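Please read the structure below before turning to the comments.
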Amino acid sequence: MPVTSDIVATYRGPGRVVQRLLDLGQREDRALVFVMGFCVVAFIAQLPSLARRAHLEGLELNMLMGGALLGSVIILPLFFYVLAFVSFGAARLVGGRGSAYGARVALFWALLSSTPLVLLNGLVAGFMGPGPALTLVGIVWLGIFVWIWLAGLVQAQRQAE
């Protein structure tokens, strides 16, 4: 199934989509594509905000973009791998029976499936700037991301390795 169809299906039933992804077999390249896809989209989502900041503060846009690229595409995936490992350990402490790969897929898929809201957040940050609208979009993104992640993690930890 195409990624876009899976993203839409995730908003109707995140656990089912994560289970379908896990049923495809353990492929680390798939998990890596999920997290890198999110990181690239997150970088793109920052561009309107960076352009706004460069214009308002008289900063060099290329320098801001370089820093955002380094943080988004190089450092952020490493952070998410660590977070997935921590979530796997926490799930094990409360009785989870799944694999570390399942925990990675649950987190990385939650990130990738929340990219439409990340892009919306970037547009609001770029066109409206800080304020109640940006805060609201950020809270909605965070809530939906956590909901998808936890539903996927619960599903991934139900099955035995």
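Structure data summary
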quantity: Cα gyration tensor shape for the stretch 49-89, rounded if a/c is under 1.5, else prolate or oblate; calculated: prolate
quantity: Cα-centre dipole for the chain with unit charges at Cβ (Lys and Arg positive, Asp and Glu negative), debye to 20; calculated: 420
quantity: Selection from Phe38, Val124, Leu93, by position along the positive dipole direction of the stretch 18-161 (Cβ); calculated: Leu93
quantity: For the chain, with +1 on Lys and Arg beta carbons and -1 on Asp and Glu, the positive-most of Leu47, Trp109, Ile75 along the dipole; calculated: Trp109
quantity: Rounded to the nearest 20 debye, dipole of the stretch 1-82 from Cβ charges on Lys, Arg, Asp, Glu; calculated: 280
quantity: Solvent-accessible area, 1.4 Å probe, carbon plus sulfur percent, for the chain; calculated: 72
quantity: Mean Kyte hydropathy of -0.5 or more with a Cα span along the axis of at least 24 Å, helices from DSSP in the chain; calculated: 28-57, 76-93, 132-158
quantity: Reciprocal of mean inverse Cα separation for the chain (Kirkwood radius, Å); calculated: 16.5
quantity: Cα-based convex hull volume of the stretch 1-52 per residue, rounded to whole Å³; calculated: 86
quantity: In the stretch 1-88, GluC sites (Glu not before Pro) in a DSSP loop with at most 13 other beta-carbon atoms within 10 Å; calculated: Glu60
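The values are calculated or read from the model by the stated rules, or taken from the named source; none is laboratory data. As the structure is a prediction and not an experimental result, all values here were calculated from the model. A quick note on method: Cβ atoms are made from the backbone with ideal geometry, for glycine too, and the neighbour counts reach across all protein chains shown. Please note that ligands, DNA and RNA were not included when accessible areas were found on the heavy atoms of the full protein model with its side chains. Shrake-Rupley method; radii C 1.70, N 1.55, O 1.52, S 1.80 Å.
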